[in-house]
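Report on the structure given below.
The values are calculated or read from the model by the stated rules, or taken from the named source; none is laboratory data. Here the structure is a predicted model, which means the values were calculated and not measured. With ideal geometry, Cβ positions are generated from the backbone for all residues, glycine too; neighbour counts draw on all protein chains shown.
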Amino acid sequence: MNSLLLKKLVSFLNHELSLSEFPRDESANGLQVEGSREVRKIGLAVDACDAVFEKAAEQQVDFLLVHHGLIWGGVKSITGILRKRIKVLIDHNISLYACHLPLDWHPEYGNNVQLLRLLGLRKTGEFGEYHGKRIGYRGHLSREISLNDFKARVDKKLGVQSQAIDFNRKVKNIGIVSGGGWSALHDAEEHDIDTFLTGEPSHSAYTLAEELKINLIFAGHYATETLGVRAAGEMLSRKFSTETVFVDHPTGL
């Protein structure tokens, strides 16, 4: 089993995942908890939580890359749940590395571009401004299809039962923002989007989409954000010949 120095891996990821592109991200992107100096097995997960950490420890992971980290907006105290979570990492000498908005946006490994490819869409541009940068993508189908047919494609590819809301339009030009990206709907009119795909439902999204006459598909916050960490893991496996494993802890949401 190949190993590499933690310092080398962190430096590579900071650059490769373009962390500097998102200085206003609430997430403290990068290395959040330092573990073993040598990395022999890399874990990938969506959420930093006790269940994921315990599963990672069972699988002898010593470096864990997650989309949703532990530190948001700084640390005021290490007590309660935060203390418990960090203790698991320290007890098992596991490093925790977080990559939030950069891994939504990333043009090669990001959640949104991966969704575009998975669904067979031709990329037509960026979409969905958040904190001054567009983090999603627009995609194009070669021909119009019904919303039911597109929903079936989403469900099959992601292994979910998505929720679709039909506002009487065929599907051809799709905007995608993973997770809780409903506010990207404000960009839809400018780009003539007929269908918007995101993760979790929002009450506010309904009336805005109704007025804009844009179809909605909610495919799950978790399901739409597994693709980025998986893609990053595949890249790391190729680059460093290091064993990687996806630590699955689905929420169904």
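Quick rundown of the values:
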read-out: Considering residues of the stretch 106-131 that are touching a Lys or Arg at 6+ places or on another chain (Cβ under 7 Å) and under 21 Å from residue 72 (Cβ atoms) only, the residue surrounded by the most Cβ atoms within 10 Å (Cβ to Cβ); value: 128
read-out: Residues satisfying the stated conditions in the stretch 158-185, i.e. assigned to a helix (DSSP H, G or I) and free of Cβ contacts under 8 Å to residues at least 40 places away in the same chain; value: 182, 185
read-out: Only one of 144, 126 that is assigned by TED's automatic domain parsing to the domain that holds residue 216 and either in contact (Cβ under 8 Å) with a residue 24 or more places away in the chain or not in a strand (DSSP E or B) (or both); value: 144
read-out: Residue ranges of strands (runs of 3 or more DSSP E) in the stretch 191-253 with at least 3 members within 26 Å of residue 15 (Cα to Cα); value: 243-246
